[in-house]
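*Asks:* A single structure is presented below for examination.
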Amino acid sequence: AVASVDETAQNLTEACSRIEDVDMSEEMTAYTQYQVLVQAGVSMLSQANNQPQTILQMLQG
């Protein structure tokens, strides 16, 4: 049980260290890039879903 508590404490210390060592500008750049890719993907899916409807409307009149 003591070993488990020691291991948990060590894991928490390592996690805190990783959080404190984060390069915020690098992480925000990566996050922004990811958001742009997600938005582009959503836009592409929306356009792909609209194409069959547009073609059907053109054929109907």
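Here, each number is a calculation from the coordinates, and none is a lab measurement. This structure is a prediction, so every number in the text was calculated from the model and none was measured. Here Cβ is always computed from backbone atoms with ideal geometry, including for glycine, and neighbour counts include all displayed protein chains.
*Asks:* Take the eigenvalues of the Cα gyration tensor for the chain, scale each by 5, and report the square roots as semi-axes in whole Å, largest first.
*Replies:* Equivalent ellipsoid of the chain: 52, 17, 4 Å, largest first.
*Asks:* Using only the alpha-carbon atoms, how far is helix 2-20 inclined from the longest principal axis of the chain? Give it as 0 to 90 degrees, nearest 10.
*Replies:* 50 degrees
*Asks:* Using the charge dipole of the chain (Lys, Arg: +1 at Cβ; Asp, Glu: -1 at Cβ; taken about the Cα centre), state which of CYS16, THR32, ASN50 has its Cα farthest towards the positive end.
*Replies:* Value: ASN50.
*Asks:* How far is helix 24-60 tilted off the main Cα axis of the chain, in degrees rounded to 10, range 0 to 90?
*Replies:* 20 degrees
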